[in-house]
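Here the structure is laid out as structure tokens; the discussion comes afterwards.
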Amino acid sequence: MPWTDRLYRVPPVIAGGSIASSWLGMLLAWGAVGFGAAAASSAAGILISFDEGACTTSDAVCQVSGWGGLLLGVVALFGAPVLSLFAARGFGPPVTWWVLSVGLGAIAAAPFSSAEGALLSPAWLLVSGVCAILALLLAIGAVRRGRAALFGWIRLDGIDAREVPHRSVDRLVALAALAAALLGGAFGAQTLRLLAAG
């Protein structure tokens, strides 16, 4: 089995017709992805610029907000696929296919979340560049899997899209997932900003 088939495999359970729970699961999963990515990236930025005044209060608050925010972000990122598998069940873009590229993208963006004037080590810049390339490659791999990567396996009317093709209106699901991720990301970034402010 090719590595792409292992990485982008179809969920074990696709329950057509359970639209109410599927919508809730899909929106929560993508909200968790956005929250986790933003929290992890912001927290890593705090840790990178720990000595350059990333926090306006004590060093202890800075350490707690940095490591605590990083842990919070990672837990949210790993919890999103669980929500996607057990609640969305094939409805909406599959979080399991995207979470790794989003997580790597968050690491790549961490230096941009560091405090103004922070001196970034070459090692951090190298890690950021490698993560950005890997995130891009994984995203391209997901997109190449076709419409399921963007819209999921269940249409808006609850019919299995593997049996009946997606329609134009089913694109709304991808837009809703993106909106949930952006809202989750804004909330995650604001949470870390408040933590760092003490």
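Just a few scattered comments:
- Checked against (1) open to solvent by less than 30 Å² (accessible area, probe 1.4 Å); (2) among the hydroxyl-bearing types (S, T, Y); (3) free of Cβ contacts under 8 Å to residues at least 40 places away in the same chain, S101 meets all criteria but (3).
- Test: residue in region 172-184 that is open to solvent by 60 Å² or more (accessible area, probe 1.4 Å) and over 18 Å from G31 (Cα atoms): no
- When residues of region 134-171 are limited to those that are farther than 24 Å from L104 by Cα and not in a loop (DSSP other than H, G, I, E, B), the one most open to solvent (accessible area, probe 1.4 Å): R171
The values are calculated or read from the model by the stated rules, or taken from the named source; none is laboratory data. This is a predicted model, so every value here is computed, not measured. Glycine gets a Cβ as well: all are built from the backbone with ideal geometry, and neighbour counts include every protein chain shown. For the accessible areas, the whole protein counts, side chains as well, though only heavy atoms, and no ligand, DNA or RNA atoms are used. Shrake-Rupley method; radii C 1.70, N 1.55, O 1.52, S 1.80 Å.
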